[in-house]
Amino acid sequence: MPLALLALAVSAFGIGTTEFVMMGLLPNVADDLGTSVPTAGYLVSAYALGVVVGAPLLTALGSRIPRKRMLVLLMAVFTLGNLASALAPTFGTLVAGRVLAGLPHGAFFGVGSVVAARLAGEGRQARAVAMMFLGLTVANIVGVPAATLLGQHLGWRATFLVVTGIGLAAMAALTRLIPELPNEPGAGLARELRALGGRQVLLGLLTTVFGFAGVFAVYSYLSAMAVEVTGFSETSVTFVLALFGTGMTLGVLAAGPLTDRALRPTLYGALAGLAAVLVAFDFTVHVKWAAMVTVVLLGAAGSMTSTPLQMLIMNKAKAAPTLAAASNHSAFNLANAGGAWLGGAAIAAGWGWASPTLVGACLAAAGLLAAVVSGALDRDGTEPSRVVASSDGDGDSGASAGGHEQERGADRERVG
């Protein structure tokens with residue numbers, strides 16, 4: 001694998017750390033800024049809002065900027081947002097800093113996925129994308145617990161100063177290790193929007209929303225379930241979350257080679273496995289050792305869907321894959337919000353602390369249904385895991401197939 005993937009993984013590590021660390025720092029922030037913990041919870045939503053808005057917006061604005069420069073600029077915005085968070089004098093300015101830090105999240109992973117795929121050799125592109133996503137999963141195992149511990153002992157501002165330092169290191173690594181890559185011929189906003197409107201792309205985004213909503217319906221309340229149902233102590237919750245992160249890492253590592261070999265079967269298997277694990281969790285949550293095993297499997301099954309979904313959407317928008325790949329991360333955050341809301345609604349309805357497991361299973365099944373419908377409607381019937389920037393797309397983008405053989409040949413040389 002190219003060394004440049006290390007720069008993308010380091011960047012993903014920083015992004016993953018700042019995205020999830022706020023959940024563990026809410027009491028510290030609330031005490032310091034004189035607000036309540038529920039109100040401080042808006043800081044989590046503020047970051048997610050930045051992701052949903054920034055992914056399509058920044059990708060569209062940067063559609064003609066060379067890939068390497070775009071990655072550095074996006075990481076600069078991320079770093080600035082974390083610095084603003086660390087120095088925020090009031091709760092309102094902290095909210096603004098969190099929105100700013102979230103704006104480049106989706107666009108970075110959209111551009112980074114395309115860059116990773118083009119840097120890898122043919123037949124290894126999904127593994128390259130998975131290596132970048134590995135930074136996110138390692139952040140859940142190492143970055144978030146360490147940053148939370150730092151914030152609890154030295155103050156929450158110290159956490160965001162450290163993440164700012166990670167952002168600066170990532171910018172240096174991107175500048176040093178990422179080669180100059182020309183944009184696809186004819187790249188521009190109109191072409192990206194046409195590709196994003198393709199039927200297969202939209203079905204892929206729908207699969208992401210439902211499939212990952214199943215994960216977040218449970219993950220959002222995993223700590224409460226571990227204490228209230230399984231019987232873990234509050235001090236053991238960090239261990240349970242680390243088990244989930246370990247499962248995510250294993251899932252990402254497995255997803256890369258499996259997606260390169262068979263994209264749609266990997267996606268179907270991951271979503272079916274996710275639904276099955278969530279159903280099983282409704283029973284195993286009452287037994288400590290069984291619950292721990294299931295938490296690892298839940299993390300693995302959930303993360304195994306990310307690489308094939310990203311590759312599928314990039315393939316089906318191959319005329320202009322960047323906006324589609326970035327929009328997939330907006331879909332992830334919509335899944336985060338929707339899954340958490342539905343899981344919370346089940347608990348509020350009096351169905352019990354374990355009820356989000358079955359809610360999540362239904363959502364995962366809906367995601368599997370969307371994926372199967374997408375496969376049935378796929379006209380070309382082929383599922384290579386490589387991203388080839390051609391101007392014909394998959395037939396849904398509306399571009400003509402004729403007269404572009406020279407462009408496709410040049411792109412194949414860059415991919416290989």
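Just a few scattered comments:
- Most to least packed among 280-286, 175-181, 294-300 [average Cβ atoms within 10 Å]: 294-300, 280-286, 175-181
- Cα lying deepest toward the dipole's positive end in the chain, options ALA170, LEU25, LEU298, charges on Cβ: ALA170
- For the chain, the 222 nm mean residue ellipticity estimated from helices alone, with every DSSP H stretch of n ≥ 4 adding -39500 (n - 2.57) and the total spread over all residues, rounds to -25500 deg cm²/dmol.
- Cα-based radius of gyration for the chain, normalised by 2.2 N^0.38 Å, reads 0.94.
- Calculated FRET efficiency, ALA345 to ALA76, Cβ-Cβ distance, R0 = 41 Å: about 0.55 to the nearest 0.05.
- Theoretical FRET efficiency, 1/(1+(r/R0)^6), r = Cβ-Cβ of PHE283 and LEU3, R0 35 Å, to 0.05: 0.15
- Proximal lysines to LYS68, defined as alpha-carbon separation beneath 28 angstrom and excluding residues fewer than eight positions away on the same chain: LYS316, LYS318
- Divided by 2.2 N^0.38 Å, where N counts the residues, the Cα radius of gyration of the stretch 67-119 comes to 1.30.
- Here the spin labels are modelled as points 7 Å beyond Cα on the Cα-Cβ line, and at ARG199 and ARG261 they lie 3.1 nm apart.
- A simple spin-label model places the labels of LEU377 and VAL227 4.4 nm from each other, with each point 7 Å out along Cα-to-Cβ.
- 0 to 90° range, to nearest 10: angle between helix 306-316 axis and the chain longest Cα axis: 30 degrees
- FRET efficiency for GLU234 and LEU168, using Cβ-Cβ distance with R0 set to 35 Å, rounded to 0.05: 0.50
- For peptides 73-81, 305-313, sequence by mean Cβ density within 10 Å, most packed first: 305-313, 73-81
- Nearest 10 degrees, 0 to 90: helix 4-20 Cα axis against the chain principal axis: 40 degrees
- Sorting the segments 12-19, 64-71 by their residues' average number of neighbouring beta-carbon atoms within 10 angstrom, most packed first, yields 12-19, 64-71.
- Extension gain from ARG64 to THR39, taking 0.36 nm per residue of separation minus the Cα-Cα distance: 5.0 nm
- Here's the picture: a label point sits 7 Å out from the Cα of ASP31 along the beta-carbon direction, and within the stretch 135-165 the residues with their amide nitrogen under 16 Å of it are 148-159.
- C-alpha long axis of helix 91-119 to longest principal axis of the chain, angle in °: 40 degrees
Read the figures in this text as sums done on the coordinates, not as results from a lab. Here the structure is a predicted model, which is why all the values come from computation and not from measurement. Here the Cβ is made from the backbone with ideal geometry for all residues, glycine too, and neighbour counts use every protein chain on show.
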